[in-house]
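Okay, structure first, notes after.
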Amino acid sequence: MHDPLQRRTLAVLVVSQILGTIALGVTPSIGILLAGEVMDSEAWAGLARTSSTLGAALLGIPLGTLAARRGRRVALTTGWWTAAAGGALLVAAAQWHLVAALFLGLLLTGAGTAAGLQSRFAATDLAAPETRARSLSLVMWMGATGSVIGPNLGVPGEALGAATGLDAYAAAFLLAAVASLLAGGVILLMLRPDPLHVLARRRSEESGEPAAYLPVGRRPGTQERFARMIAELRANRRARTALVALLTSQVVMVSLMTMTPVHIAHQGGSLSVVGVTISLHVLGMFGLAPVVGHLVDRLGHRAVAGIGLVLFAFSLGLAVLASETMGGVIASLILLGLGWSFLNVAGSAMFSTVIADSSRASAQGGADALSNLCGATAAFLAGPLMAATGFPALGILAAVVMIPILILVLRPSAWAGPGTTAATTAA
């Protein structure tokens, strides 16, 4: 990582990611409990996760398109500040039990999720081919600092609420809104020059042709960029494989994690226990990200994806067989986070490597949007399913979801292509 501009870009992305993920970490724990309280129905508590991930899905493509047209700086700032507005609405929702403010607020906080996901791709814009996975995973890893703090904002929220008269949940989301606002401010002020524009100029100088996403001259419209993305996926087998890995990692993780706070509450666990459990899960998701990125660069995408599937299998086994013990639930959530980390980093790094420059930002935004849409669907179904059957059923269905990517991992040809290393295609 000898490029000074790449080092500066990573530093800015890391700082904003830490701040932003503090806000994002509130939704999986406090947000889902708030939804259960406002809706007065545990069966619909999963709507909290559904609304935020649906927001990420709906806003992922617009933010990706905005990045393609205006650059990463404008897109990421817009995402974090939209999330801050959502946090402000959630303060009102918690304080006065406003259902409309709850759903709209959670929907808007999804923009922060989309911005955080886009940040990991932004880390690869100026990275050398042999360090792309490490650059991507570094931003993910540092974001874990905020993600671990976020689920525990209920504690400072109670202190702030006592001092201000706010509900504890409202105070927690107030802290989250401020964190999102600061994340956007860091990007706006410091992400200069824009890495996507620098990449475009470098590619243009190398080829002697105008770059597709330089901020000058004619720029493709949203429909044209979306058509390019679809055409890219149809023609690019490795891009499709990477997309399946991304979708699987998200659906398996979200379907189980969404209802864990409710399951813990059923077992008599406190808000603090919920916060610690989700924090350990998030630590599993991001804590080893640099190691995972290094393994991807060394062993290849397929091998690391296979490790992720093994970790998922152990996690789901505990969810099915040991869900009645707190230790079993916590261990399952930690392994769930680790499995997500291995599969998601492998898929993200591969997608970033094989996608064409002309559709880079739009395709990345589209992949994240589809991933979050699938996650939102899984979260929506998780609540009623658990209410009707129980927590172990979620583990069984998540195992079924893993079948397509398992088939692809067993097929080396699905991962092979131009520029593929021997490690990537190794069994």
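The values are calculated or read from the model by the stated rules, or taken from the named source; none is laboratory data. Being a predicted model, the structure only gives us computed values, none of them experimental. All Cβ positions, glycine included, derive from the backbone under ideal geometry; neighbour counts span all protein chains shown.
Does Ala127 satisfy being at pLDDT 90 or above and in contact with a helix residue (DSSP H, G or I) (Cβ under 7 Å, 6 or more places away or on another chain)?
Details: at pLDDT 90 or above: yes; in contact with a helix residue (DSSP H, G or I) (Cβ under 7 Å, 6 or more places away or on another chain): yes.
Spelling it out, Ala127 is indeed at pLDDT 90 or above and in contact with a helix residue (DSSP H, G or I) (Cβ under 7 Å, 6 or more places away or on another chain).
Considering only residues of the range 399-424 that are part of a loop (DSSP other than H, G, I, E, B) and not hydrophobic (A, V, I, L, M, F, W, C), which is modelled with the highest pLDDT?
This residue is Arg411.
Being modelled with pLDDT under 90 and assigned to a helix (DSSP H, G or I) is the filter; apply it to the range 233-255 and report the residue that is farthest from Leu316 (Cα to Cα). Working first, answer last.
From the range 233-255, those modelled with pLDDT under 90 are 233-236, 254-255; that's our starting set.
This time we only want the ones that are assigned to a helix (DSSP H, G or I), so: 233-235, 254-255.
Working: Leu233: 30, Arg234: 32, Ala235: 34, Val254: 12, Ser255: 11 Å.
Among residues in the range 233-255 that are modelled with pLDDT under 90 and assigned to a helix (DSSP H, G or I), the one farthest from Leu316 (Cα to Cα) is Ala235.
Which one of these does Pro290 not meet: (1) farther than 30 Å from Thr65 by Cα; (2) surrounded by fewer than 21 Cβ atoms within 10 Å (Cβ to Cβ); (3) touching a Phe, Trp or Tyr at 6+ places or on another chain (Cβ under 8 Å); (4) touching a residue at least 40 places away in the same chain (Cβ under 8 Å)?
The number of the failed condition is (1).
Listed residues Thr109, Thr77, Thr131; which is over 22 Å from Ala289 (Cβ atoms), surrounded by fewer than 24 Cβ atoms within 10 Å (Cβ to Cβ), in contact (Cβ under 8 Å) with a residue 40 or more places away in the chain and of a type outside the set (A, V, I, L, M, F, W, C)?
Just a single option satisfies the conditions, and that option is Thr77.
All but one of (1) in contact with a Gly (Cβ under 7 Å, 6 or more places away or on another chain); (2) among the hydroxyl-bearing types (Ser, Thr, Tyr); (3) surrounded by fewer than 23 Cβ atoms within 10 Å (Cβ to Cβ) hold for Ser323; state the number of the condition that does not hold.
Answer for Ser323: the failing condition is (1).
Any idea which residue in the range 92-106 is nearest to Ala349 (Cα to Cα), counting only those that are buried (at least 22 other Cβ atoms within 10 Å of the Cβ) and in contact with a Gly (Cβ under 8 Å, 6 or more places away or on another chain)?
Checked the range 92-106; the qualifying residue nearest to Ala349 (Cα to Cα) is Leu106.
Taking the range 322-340 on its own, how many of its residues are touching a residue at least 24 places away in the same chain (Cβ under 8 Å) and either assigned to a helix (DSSP H, G or I) or among the hydroxyl-bearing types (Ser, Thr, Tyr) (or both)? Step through it out loud before you land on a result.
As a first pass, look at the range 322-340 and keep what is touching a residue at least 24 places away in the same chain (Cβ under 8 Å): 323-324, 326, 329-330, 332-340.
The next check asks that each one be either assigned to a helix (DSSP H, G or I) or among the hydroxyl-bearing types (Ser, Thr, Tyr) (or both); those that pass are 323, 326, 329-330, 332-340.
Number of matching residues: 13.
For the range 117-128, state whether one or more residues are closer than 26 Å to Ile32 by Cβ and among the β-branched types (Val, Ile, Thr). Steps first, please.
So in the range 117-128, the residues closer than 26 Å to Ile32 by Cβ come out as 117-120.
Now drop any that are not among the β-branched types (Val, Ile, Thr), which leaves none.
Within the range 117-128, not a single residue is closer than 26 Å to Ile32 by Cβ and among the β-branched types (Val, Ile, Thr).
State all residues of the range 176-198 that are part of a helix (DSSP H, G or I), surrounded by 21 or more Cβ atoms within 10 Å (Cβ to Cβ) and of a type outside the set (S, T, N, Q); if no residue qualifies, say none.
Ala176, Ala177, Ala179, Ala183, Gly184, Val186, Ile187, Pro195, Leu196
How many residues does the range 378-389 hold that are touching a residue at least 40 places away in the same chain (Cβ under 8 Å) and crowded, with 17+ Cβ neighbours inside 10 Å?
So the first thing to find is which residues in the range 378-389 are touching a residue at least 40 places away in the same chain (Cβ under 8 Å), and the list is 378-384, 386-387.
Narrowing the set further to residues that are crowded, with 17+ Cβ neighbours inside 10 Å leaves 378-380, 382-383, 386.
Residues meeting the conditions: 6.
What do you reckon, is Val274 modelled with pLDDT under 85, crowded, with 24+ Cβ neighbours inside 10 Å and under 26 Å from Gly395 (Cβ atoms)?
Here the answer is yes, as Val274 does meet what is asked.
Give the residues of the range 368-377 that are buried (at least 24 other Cβ atoms within 10 Å of the Cβ) and small (Gly, Ala, Ser), sorted by residue number.
Within the range 368-377, Ser371, Gly375, Ala376 qualify.
Results for (1) within 17 Å of Leu408 (Cα to Cα); (2) surrounded by 18 or more Cβ atoms within 10 Å (Cβ to Cβ); (3) among the basic types (Lys, Arg); (4) in contact with a strand residue (DSSP E or B) (Cβ under 6 Å, 6 or more places away or on another chain), shown as yes or no for each residue.
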site	(1), (2), (3), (4)
Ser279	no, yes, no, no
Val282	no, yes, no, no
Met285	no, yes, no, no
Asp297	no, yes, no, no
Leu316	no, yes, no, no
Gly328	no, no, no, no
Leu333	no, yes, no, no
Met350	yes, yes, no, no
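Taking into account only those residues within the range 32-55 that are surrounded by 24 or more Cβ atoms within 10 Å (Cβ to Cβ) and at pLDDT 80 or above, which is farthest from Asp368 (Cα to Cα)?
Leu34
Going residue by residue through the range 352-360, is there one that turns out to be of a type in the set (D, E, K, R), at pLDDT below 90 and surrounded by fewer than 19 Cβ atoms within 10 Å (Cβ to Cβ)?
yes
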